[in-house]
Every structure is written in structure tokens, then in C-alpha cells.
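A.B. asks: Before anything else, here's the structure in question.
The values are calculated or read from the model by the stated rules, or taken from the named source; none is laboratory data. In this text, all values refer to a predicted model and were calculated from it rather than measured experimentally. Neighbour counts run over all protein chains shown; Cβ positions are idealised from the backbone, glycine included.
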């Protein structure tokens, strides 16, 4: 009986074997979600060229002014044959580069790891055509494959995605290399888009990409000729604007930092103006890191340390805005996040904003005799630098899946400490240099205007007979008027300086707030990106409330970014580094954006009627934004819920001048106060819970800025439907 039961049980089982299958949706998610932006996707293709021992890769943009254009990525590397395409390119997530981490020809550390980057090309174009020539066993072979990305759609298995490959033998004279053609671009590329891409992609292997000379970053073997990237866009021939390679000689100093394999740091500094050299060796160890190095140039923008043909102080400031910061290079390629204008991974801007004065204990002896040297800490735009690490020498340093930053583990923390300690040391050396220069200046005789006038008065008295009584009396009266004016101006200056000290203290707190709000915006963005990745694993029927939550999170992120931008518009170095003609329409949009949520909630309509082509004469962006923010906040505070609430900006453009009209529908201002409110500390605005009590300096600031450009600002009779109108006239400077 027992045997019969056992036989029945065994025959009722139907054993089958299952295998994991990959849906195309996974590849699309991986390819698009693991790559932050198009430049990162193209950077992955460039890295493949580097791994193939190419010395040159050229990226061409063809007919990309509208959708449907072409981008070509062509290199002179070793190329691929059919077997390589089959076993490496077509196999997802292969460990080939882990098994073979060194390239065959130039012995480079190969960069790729996941084998997913090529799928990110779907972000850029509808089709990818691969052509490659390689030499194996003394024979050259050419292959051609076409990838139609839209056929790789969710619901289909990856193995059902067929790629037709043509294979042929070619002559010995055919050069090796690979050409990737991205056809049918999904978005248009403007000149500004390509310039931004050029900056990013050239900076992929070079921290100083403005020059034409090659700057090698890797301690590569002598037979490696280096790696060069070229960007060509025939539609935009003005794209290429090289500058001098000698820019770095205008720096105040160069700092070199090295970590031994045991993690012991050494720093070397060369001061450019004097040629002095300093070295610092420390016993401190960064045990989690291994061998690493960095190069940092520090600039002081008050003057040019050296006269360089074709380079002005404004050039340097612009370069500081565009290329300043300390970049991180992993295996010779840049990790994109670090050193970007909004990034503060070394906490330089944060410590500057709170006037951080503590000297690190490791270098306390270097600061002996100096008073608070860390107040001279440079900003990110004053530093041009690169940090070099590798996954072979620094095995605990690893990029995140999005490839735009590093895992923030103990090794990364020590890397940050190592670089920051070097910057703190160069700060101390600069403070000592500055103190020495100050002493030299104190020894030089000082000139005082009053003492000069007193000397002149004495000379007139001594020569009164020759001058005659009438002339002497006239000259004496002018001298007395000059004395009185100087004394009055000094008293006014002292009063204004006192108020500026108070405002500067507030500004310090705003800098701290700016850092924190920018950090919050970045974290919100990262949270939203992570949320987006996990949304796909939630059943479709349950996704709707989470999509609403994600949309709210994105809206919150955008609002926080707009608030941070407003602070950046007023306090950022970019906005006060160089005078240029500015789009008035864009400036109005920028200043409306941070207040949009407040105005929407309070039913205040913002109207921008400025023509898109209207521009200011040459001026600083910070000045234009200071004008608009003062006028806008005044207009908002003047609104009353008892009437229609709206604010409008208009422009009248002539050949000789541009006139800006700022209108609001608020409570208005009596005509007898139109002139008075431009005087310092005169304010009739009603205290506001959101905007506080005015200082009475807003319109004074507006007037002073406008008059510095020989312009005029005044209240005029408002048109029908408006209660207040301020008119600004700015003359156009003819070149």
C-alpha cells in the first residue's frame, strides 16, 4: 500500500526548468536612468575610444539645428572585428574590462565597467550605426551594424532585438578605428548647447581645455602619445575660440599635492610673482586611499600677476566662472559633478560665507604670527585644479551608478580632507604674502587730499602780493568750498559705511543660507531621480498617486532652485565679473521666477512685455538684477487686495537709448514724494510680513547704478489702469 502511494505521488509531479529573461524595458531604464545627461552619454562613447587605444576622437554635429540631425563619434583606435562585436559590444554587462583592465597597445587603465553606456545613445538619436576596422592575425576586417532603438521597446525580450551585421575584408592601407553615427537626433542643438557640450567634453580629459596644447593628466608610460578630443560643428563656425596656453602663468601660485601608496601627504607650492618655493611634509596618514595626486592653480583677480598677450583681467574672470573649481579625474576621465559652478564639494564657499577662521591643527604651526589667515580662503572660481585617482591605486574609490559622482564612503571622505588641507595650506601662505605686501605699502608715504589743499592754501598766502587781492580772495573761497565739500563727503561716507557694515553682516548670513538652500535643491533632485527609478517597479494600476507625488517633488525642487538662483543673481561672482550687453526680457524672467509662487498665492499677476531682442548697454548683470529686485519688491509691497493686483515691465527701444518702464497697480505714491524717496534711508513702504521693513536704500541704489551709466530714473505719470510708473533711461554707447 505504501509503495502504491509513493508511485502515485511521483507520477503526479511535472518538473520543468525556467530561465531568467530580460525585458527590453530594463535596458532602456538602465541606459537612460544611469546616465545623467546627453554629454555623459557621449562621454561613455569617448571612453570606449580611449580604451581602444585611440589617440584622437572627433565628434561632429551635422544639421542639428533642428530634430533629425546627425552626430558622429570617430576615433583612430584598434577597432572591433565581428567576434569583438558579438562577445563584447552585444553582450550586456560583460566583465571583459574587469578581466582585462589594461589596454593592449598603450597599457592604459581601461575605464568602462557596466557595458550599459551604449544604450544611453537612445536618449540622443533614433538610430546608431557602428562602423569599425580592426586588424587581427595580420588581416584587416571591417564590420557595419545598425541599431534601430525604437524597435527595442518594452514588452519585447532583449534576445528578440536583432542587429544585422555586414562583415568584409579590407586592404592593408585601410586605417583602423571606429565610427559611431547617431542618426535622427531627438532634440535640436543650438550653438549655446554645443558650446556647453564642448566645454564639458573637452574638460572630460583636461582640466584646462581652453588651450590648444595637450596637457597630460596620467602618469602614463612614455610610449603613450596621449588622447585628444575634437568637437566640430560646421553649422556654427564661430564655435572655436581658442585662448592663450599661458594663462596659468598669471596665477598667484601653483600647488601640487601627492599621496604615497601608504597615504602620506606631501605638498609643494610655487608662488608665481616671486618664484619662491615651499614644501610641506606631514606625518598624517590617509590609510583608506593609496597613491593619489592633485594640481591646483590659485588666482587673485585684483590684478594680473603677469602681462600676457591677448589675456585681460576680464578674460581671467570669465574663465574662473566657466572653468574654475577643482575637478576630479578617475582613471584619467572627469567625474562630471565635481568642480561644476554650483558644486562645493570642498566646502570652500560654505566656509567663506560664514567667515570660517579656524586653522587646521595639522598646519597650525604654518600660521604662526598671522591674524586669522583662513579669512583669505579662495572661492571655487579662484581655483583651477584637478585631482587624480584610479580604481587600481585607489580601490575603495568608486563611481555611483549614474557616473556623475563618487560613492561618499570613508575613502572619498579622506580624499576630500587631503585636497582641502592643501588648499588651507596655500591659503596660509597667501595670507603671509599679503601681510608682507601690506607692510611694504605702509612704508610708502600716504597722500591726503586735505593736506594737499592746506599746502596749496599756504602757497597762495605766500604769493598773495604777486597774485593780487582779488585773485587771492577768489582762490581762497574756492579752497574753503573744497574743504567743506570734502569734510561733508567724509561724514556721509562714514554714515554709509556704518550701514553697509550692517548689511554686509546680513549678507554673510545670506551666503550661508544660499549654500544650504542649494544643497537642499540638489538633494531634492537626487531624491526625485531615485524615486523615478523605483516608480517602474510599482504595478501600473498603483502608479498614479506616486506620479502625483513625484510631480510635487519636482515642483518643490524647482521652487527651491529658483530661490537659490535669486540669491545667486545678486551675490554670485558671475554676475559682477564682467560687463556685457544683457537681455532685458531674460533678466525680468529671472527676477520674476523666484517670486512666482508668492505672487500666484496672492493673486498678483506678473507681466513681461519686454521684446526678446531688447538689450542693455554694457553693464554688470548683478547691477541689472539689483535694479529689478528693488523695484519688484517695492511693487509687491505696494499691492492691495482691494484692487486688481498686477506688475508689468515694458521697454521702448531707440537708436540712442533704451527706456524701461516698471508699472504696478498698488496704492501709489503722492507726487510730492517722487523725488524724496530716492534719498538714502527715506522709505514710505508699509511693513510686510513676507518682505519685512525696507531699509530706505532700495531706490537710492537704483538711482546710483543708473546714474553711473549716465542714465536717468524717475517717477512719471502712470498710464490708465496703473497707479505707479518708474521710467529708466539708459543711453546706448556707440562703438
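A.B. asks: Would you mention how many residues in region 271-298 are surrounded by 15 or more Cβ atoms within 10 Å (Cβ to Cβ) and outside any loop (DSSP other than H, G, I, E, B)?
C.D. replies: The qualifying residues number 10.
A.B. asks: Here are the criteria: (1) modelled with pLDDT of 90 or more; (2) crowded, with 19+ Cβ neighbours inside 10 Å; (3) out of contact with any helix residue (DSSP H, G or I) (no Cβ under 8 Å at 6 or more places or on another chain). Tell me which single one residue 331 does not satisfy.
C.D. replies: With respect to (1) modelled with pLDDT of 90 or more; (2) crowded, with 19+ Cβ neighbours inside 10 Å; (3) out of contact with any helix residue (DSSP H, G or I) (no Cβ under 8 Å at 6 or more places or on another chain), residue 331 is out only on (1).
A.B. asks: Next question, about the same structure. Just give me the residues in region 503-530 being modelled with pLDDT of 65 or more and either farther than 16 Å from residue 558 by Cα or in contact with a strand residue (DSSP E or B) (Cβ under 8 Å, 6 or more places away or on another chain) (or both), in sequence order.
C.D. replies: 530 - this is the single residue of region 503-530 that is modelled with pLDDT of 65 or more and either farther than 16 Å from residue 558 by Cα or in contact with a strand residue (DSSP E or B) (Cβ under 8 Å, 6 or more places away or on another chain) (or both).
A.B. asks: A further question follows. Name every residue in region 176-194 that is farther than 16 Å from residue 127 by Cα and surrounded by 19 or more Cβ atoms within 10 Å (Cβ to Cβ), in order of residue number.
C.D. replies: 176, 177, 178, 189, 194
A.B. asks: Could you check region 633-674 and list, in sequence order, the residues that are over 17 Å from residue 606 (Cα atoms) and in a helix (DSSP H, G or I)?
C.D. replies: Within region 633-674, 671, 672, 673 meet the criteria.
A.B. asks: Still on this structure, please answer the following. Would you confirm whether or not region 97-105 contains a residue that is within 16 Å of residue 204 (Cβ to Cβ), in a loop (DSSP other than H, G, I, E, B) and at pLDDT below 85?
C.D. replies: Checking region 97-105: not a single residue is within 16 Å of residue 204 (Cβ to Cβ), in a loop (DSSP other than H, G, I, E, B) and at pLDDT below 85.
A.B. asks: Here's a follow-up. Looking at (1) at pLDDT 80 or above; (2) over 21 Å from residue 644 (Cα atoms); (3) loosely packed, with under 15 Cβ neighbours inside 10 Å, which is the one condition that is false for residue 734?
C.D. replies: (1)
A.B. asks: Next question. Out of (1) in a helix (DSSP H, G or I); (2) modelled with pLDDT under 65, the odd one out for residue 48 is which?
C.D. replies: Checking residue 48 against (1) in a helix (DSSP H, G or I); (2) modelled with pLDDT under 65, the one that fails is (2).
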